[in-house]
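Trainee: This is the structure I want to talk about, given as structure tokens.
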Amino acid sequence: MRNIACLRGVGDNVSTPDQIAASSSSSSQPTTTTVGGGGQSTGGVGKLGKGSGKPVRSESTAGILFGIGAYGLWGLLPLYFFVLMPASAVEIVANRIVWSLLFCALLITITRAWRVFGAAVKDRSVFGPLALAAGLIAINWLTYTFGVTTGHAVETSLGYFINPLVSVLLGVFVLKEKLRPLQWAAVGIGFVAVGVLTFSYGQLPWIALILAFSFGLYGFVKKRVGPKVDALTSLSVETVVLAPFAAITMVVLGVTGAETLTTMGAGHFWLLVASGVITAVPLLFFGASARRLPMTTIGLLQYFAPVLQFVVALTVFNETMTTARWIGFCVVWLALILLTIDMLRTTRKNSVLKKKARLAAAGA
């Protein structure tokens, strides 16, 4: 589902929450992506990456496959929530947090990273932002699960389509960045889209807006702390923060007879337990993808998830799309096309400038 917190951020490249996460995940790697550059420092296709011993082409292919795997799983997540019904959104998220924590603990044990995890918990400059990020992602998960399980899967997909526009707005209002003309046009068109969709729904599309802003802010916070912590440690700290609340929720649901974990049979039980794996695996895939791909590719792959969510909502859940809603979605997609054109244009321009700089340095 990135460069918004960089010194140049939106001014150098289109910013998306997924790019923020990618930058965070890849910051500790020896081979990184230059802001706005759209490429990695490993050289051309067929050359060996520094210290990797692998051709860049094979690394890029692996990165794309990991990216498709991550966004594909996220895009198909509504089907998983549908299978878990009649579990409520609150129960699903509580289980998701608790079992994710256990899965992360297993991974930390396997990778012998407990010392790194302990250092992150003790470091206030790391733990504080990650605690805030945990609160934001909890809001995002609850809203998303509620939307899917109450017949608003189309609107949840809209939230992730709007994400890039929210990231641009964060760059303007939080970081005081200047936008390029196409970015201004995309933001303006985005506001028009919200107006059209508000008219079609008869109210603000609040599910989509909460999803877009909560994940946009989550990505912003993660980017600020990204260089100090790896993806697994980050996810583990966030689940540790949320786990007590999730455990209490599960107990309350059990006492009040509202839980389904132990009352719907063994199949339902293990499906809920599997939520830990289903939560963590796409994040690990995404981290592997972010380490291998330039930000431009990550920015394009991010649309794979909401497209799948949208298709699932229409074909599996049979949600209704009125003419006004189709118009609203088309306006959103127009805004995203403009952002994508701007991103590709800026990436190409920066690539040319970098090439000229290298030639000038070689000549000197």
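Computed from the coordinates by the stated procedures, all read-outs in this text should not be read as laboratory data. Note that this is a predicted model, so its numbers are computed, not measured. Every residue, glycine as well, gets a Cβ built from its backbone with ideal geometry; the counts of neighbours run over all protein chains shown.
Trainee: In nm, give the distance between the simple-model label positions of ALA266 and ALA361, each being 7 Å from the Cα along the Cα-to-Cβ direction.
Mentor: So the label points at ALA266 and ALA361 sit 6.2 nm apart.
Trainee: Using a 10 Å cut-off on Cβ atoms, rank the peptides 111-120, 220-229, 182-191 from the highest mean neighbour count down.
Mentor: Final packing ranking: 220-229, 182-191, 111-120.
Trainee: Further, regarding this structure: Can you tell me the length gained on complete extension of the stretch ARG112 to ILE327, counting 0.36 nm per residue apart and subtracting the Cα distance?
Mentor: Full extension of this stretch gives 72.2 nm more.
Trainee: Are any of the pairs LYS228/LYS356; LYS176/LYS356; LYS178/LYS356; LYS122/LYS223; LYS176/LYS349; LYS178/LYS223 more than 28 Å apart by Cα-Cα distance, and if so, which?
Mentor: LYS228/LYS356; LYS176/LYS356
Trainee: Sticking with the crude label model, points 7 Å out along Cα→Cβ, report the distance from ALA105 to ALA274 in nm, one decimal please.
Mentor: Taking the simple label geometry, ALA105 and ALA274 are separated by 2.3 nm.
Trainee: According to the square roots a ≥ b ≥ c of the eigenvalues of the Cα gyration tensor, what is the shape class of segment 75-184, taking rounded for a/c under 1.5, prolate for a/b larger than b/c otherwise, and oblate for the remainder?
Mentor: In terms of gyration-tensor shape, oblate.
Trainee: Within 10 Å, Cβ to Cβ, of PHE66, how many net charges do the neighbouring residues add up to if Lys/Arg are +1 and Asp/Glu are -1?
Mentor: Numbers: positive: ARG291, ARG292; negative: none.
In short, +2.
Trainee: Once you order the gyration tensor axes a ≥ b ≥ c over the Cα atoms, which shape class does segment 185-262 get: rounded for a/c under 1.5, otherwise prolate or oblate by comparing a/b with b/c? Let's see the in-between values first.
Mentor: Details: a/c = 4.80, a/b = 1.33, b/c = 3.62.
Since a/c reaches 1.5 but b/c is at least a/b, the shape of segment 185-262 is classed as oblate.
Trainee: Please check which bits of segment 291-326 a label hung off PHE199 would reach, taking the label as a point 7 Å along Cα-to-C-beta and the cut-off as backbone N under 11 Å.
Mentor: Answer for segment 291-326: 324-325.
Trainee: Could you work out the local net charge near LEU158, counting Lys and Arg as +1, Asp and Glu as -1, over the other residues with Cβ closer than 13 Å to its Cβ?
Mentor: Working: positive: ARG325; negative: GLU155, GLU319.
With Lys, Arg at +1 and Asp, Glu at -1, the net is -1.
Trainee: For segment 264-364, what does the convex hull of the Cα positions come to per residue, in cubic angstrom?
Mentor: Hull volume normalised by residue count: 116 Å³.
Trainee: Under a plain spin-label model, where a point goes 7 Å from the Cα along Cα-to-Cβ, how far apart in nm are ARG180 and VAL121?
Mentor: Result for the modelled spin labels: 4.5 nm.
Trainee: Excluding residues fewer than 8 places away in the same chain, name every one of the aspartates and glutamates whose C-alpha is closer than 20 Å to that of LYS354.
Mentor: Those aspartates and glutamates meeting the cut-off are ASP12, ASP342.
Trainee: Can you check what the net charge comes to around VAL332, using other residues whose Cβ is under 13 Å from the Cβ of VAL332 (Lys, Arg +1; Asp, Glu -1)? Before the final figure, lay out the partial values.
Mentor: Working: positive: ARG325; negative: GLU155.
The answer is 0.
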